[in-house]
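The values are calculated or read from the model by the stated rules, or taken from the named source; none is laboratory data. Note that the structure is a prediction, hence the values are computed from the model and not measured. As a convention, Cβ positions derive from the backbone with ideal geometry for all residues, glycine included, and neighbour counts pool all protein chains shown. These area figures cover heavy atoms from the full protein model, side chains too; ligands, DNA and RNA do not enter into them. Shrake-Rupley method; radii C 1.70, N 1.55, O 1.52, S 1.80 Å.
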Amino acid sequence: MTMLASKSTVLAALALCVGLVCAIQVPTVDQISIASNDRQDAVASYGQSPLGYAGKSEPRVYRPDTSSLDFVYHNHEDMTRYLRATTARYPNLTALYSIGKSVQGRDLWVMVVSASPYEHMLGKPDVKYIGNIHGNEAVGRELLLHLIQYLITSYSSDPYIKWLLDNTRIHILPSLNPDGYAASKEGTCDGGQGRYNSRGFDLNRNFPDYFKQNSKRSQPETEAVKEWISKIQFILSGSLHGGALVASYPYDNTPNAKICRSSSTCAVFNSYVQQPSLTPDDDVFKHLSLTYANNHAKMSRGVACKSASPSFENGITNGAAWYPLTGGMQDFNYVWHGCMEVTLEVSCCKFPPAYELRKYWDDNQLSLIKFLAEAHRGVQGFVMDPNGSPIERAQLKVKGRDVGFVTTKYGEFWRVLMPGVYKLEIFADGFVPRDVDFMVVEQHPTLLNVTMQPSKRNDGAYYRPIQSSQSQYRPQLAIPAAQSSGSNGSPADEGILSTLSNGFNSLVNNIFG
């Protein structure tokens, strides 16, 4: 699903801004449709956002296309039929593909919703949502199906949705764990039935970890995600969960996570004080989390779901400050691929009765859309050689933010940043490294195009920069447990304590989500 862009196409796209810092203006007309009249105050504040629309005070009423999608739970067969029917009905706005299969052979469907569903749009970002990572957390699965429905039915009537789809490719994976969903039961708010995949693995503990070796055997579902995000350079991502009401941001793990500190057992008995584990982009992650929470009908109030559950100030939390975990998907997205992913806990009840789904959609609709628009914040541009040809896989890093990112095959790059002055460091094989100063403003993204100069040594060979941590951090996949020395909290070091802790982990995961 890539666009065969010629050199002339790239040059045309860059003609106005080569070597300069330019601005791309986000439209500011009309406001987004909302789901309920009692949220007019939220829409009014939405109009104040630089990335939103300031417009009419009279919101349009959301009217779902009930002939295509109702507020009920859809099993895998029903979901498949809906997705296939939708892409047949809206071929100019949607494309359906599978990134792989679950253990039991169910397709992991992804729907692209965009004005260019089959081709990458030059200079425009790809974003994603993933739902139903834990099979018994079913609300996110249905929210994403309704988001698809809303986007395609609103494209011709809502200028904001049209702008979003004209400038963004949105990939939506409603269910990463269809096997676990098939084993779950509607009306079950707590418990672990259906949480794991059919082999009993927690998919949100199954990714490579930045801080600690993850010895758990990789599963087909997580392998599919890893291959997927290695092929498409996603800029922004949301992972939908249930069991709490909070937006949780990286890191999920912590560098000093020893046996007790990394175990949910400790959280049960309050035997340690959780400490935040902050990324170099903590300001961005907090902003992204607040964007979702503040546009949600209830999340920003920070009310605890249960008396024994924690409350969250402003409806957001650092993952490790809530409870540390190893092998989380959001940390993997960020560290390995430079994708800003936030975990969105959207319901206190994991699998509520279907008659409550409309309420959850009303609560989350505005947040789901506003969050995606944040991909158009910060800096974006192209890295080229002196002839204007794109440089693929140039390594970039914003100085002071050690997690790096790379250019696409078309030389494109994006980075979500808050307003400020920054320095971009660029390294490319065969070119002289460059540092470029730039400024990010609040109203619109900054377009920064960089021309790299080739360098030859006296012997005629091209200069090849030494790749080190100074250019960007690129962790290696964890070695198998059998090769571990047993240090740094590995299974060989933890022994019986690890076994007991893992048992309590399963119990507490069922409580906290």
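Within the stretch 411-445, which residues are of a type in the set (Val, Ile, Thr) and closer than 26 Å to residue 164 by Cβ? Those that are of a type in the set (Val, Ile, Thr) and closer than 26 Å to residue 164 by Cβ: 416, 440, 441.
For every residue, the table says whether it meets (1) farther than 27 Å from residue 369 by Cα; (2) in contact with a His (Cβ under 7 Å, 6 or more places away or on another chain); (3) charged (D, E, K, R).
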| site | (1), (2), (3) |
| --- | --- |
| 129 | no, no, no |
| 135 | no, no, no |
| 152 | no, no, no |
| 206 | yes, no, no |
| 209 | yes, no, yes |
| 213 | yes, no, no |
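Among residues of the stretch 104-117 that are open to solvent by less than 40 Å² (accessible area, probe 1.4 Å) and in a strand (DSSP E or B), those with a beta-carbon under 7 Å from a residue that is of a type in the set (Lys, Arg) and modelled with pLDDT of 95 or more at least six positions away or on a different chain give the pairs 107/101; 108/101; 112/169. Hey, does the stretch 125-144 have a residue that's of a type outside the set (Val, Ile, Thr), under 27 Å from residue 223 (Cα atoms) and more than 19 Å from the chain's Cα centre (by Cα)? Within the stretch 125-144, one or more residues are of a type outside the set (Val, Ile, Thr), under 27 Å from residue 223 (Cα atoms) and more than 19 Å from the chain's Cα centre (by Cα).
Mind checking whether some residue in the stretch 163-172 is within 26 Å of residue 245 (Cα to Cα) and in contact with a Gly (Cβ under 6 Å, 6 or more places away or on another chain)? There is no residue in the stretch 163-172 that is within 26 Å of residue 245 (Cα to Cα) and in contact with a Gly (Cβ under 6 Å, 6 or more places away or on another chain).
Residue-by-condition table, conditions (1) more than 29 Å from residue 348 (Cα to Cα); (2) among the acidic types (Asp, Glu):
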residue: 132; (1), (2): no, no
residue: 135; (1), (2): no, no
residue: 142; (1), (2): no, yes
residue: 148; (1), (2): no, no
residue: 151; (1), (2): no, no
residue: 162; (1), (2): yes, no
residue: 170; (1), (2): no, no
residue: 181; (1), (2): no, no
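Among the criteria (1) farther than 21 Å from residue 103 by Cβ; (2) in contact (Cβ under 8 Å) with a residue 12 or more places away in the chain, the one residue 218 does not fulfil is (1).
Out of all the residues in the stretch 178-196, is one or more of a type outside the set (Ser, Thr, Tyr), touching a Leu at 6+ places or on another chain (Cβ under 6 Å), outside any loop (DSSP other than H, G, I, E, B) and crowded, with 23+ Cβ neighbours inside 10 Å? Within the stretch 178-196, none of the residues are of a type outside the set (Ser, Thr, Tyr), touching a Leu at 6+ places or on another chain (Cβ under 6 Å), outside any loop (DSSP other than H, G, I, E, B) and crowded, with 23+ Cβ neighbours inside 10 Å. Applying the condition of being touching a residue at least 40 places away in the same chain (Cβ under 8 Å) and among the aromatic types (Phe, Trp, Tyr) to the stretch 197-215 and asking which residue is surrounded by the most Cβ atoms within 10 Å (Cβ to Cβ) yields 207. Could you check, for the stretch 145-162, whether at least one of its residues is open to solvent by 20 Å² or more (accessible area, probe 1.4 Å), of a type in the set (Lys, Arg), farther than 25 Å from residue 363 by Cα and out of contact with any Gly (no Cβ under 7 Å at 6 or more places or on another chain)? No.
Can you tell me which residues in the stretch 305-331 are closer than 16 Å to residue 209 by Cα and aromatic (Phe, Trp, Tyr)? 323 - this is the single residue of the stretch 305-331 that is closer than 16 Å to residue 209 by Cα and aromatic (Phe, Trp, Tyr). How many residues are within 11 Å of residue 451 (Cα to Cα) and either of a type outside the set (S, T, N, Q) or free of Cβ contacts under 8 Å to residues at least 60 places away in the same chain (or both) when one looks only at the stretch 382-404? Number satisfying all stated conditions: 9. Quick one: is residue 360 within 30 Å of residue 69 (Cα to Cα), touching a residue at least 60 places away in the same chain (Cβ under 8 Å), touching a helix residue (DSSP H, G or I) at 6+ places or on another chain (Cβ under 9 Å) and buried (at least 18 other Cβ atoms within 10 Å of the Cβ)? Yes: the conditions hold for residue 360. Residue 92 falls short of the stated requirement of being within 25 Å of residue 182 (Cβ to Cβ) and either touching a strand residue (DSSP E or B) at 6+ places or on another chain (Cβ under 8 Å) or in contact (Cβ under 8 Å) with a residue 12 or more places away in the chain (or both).
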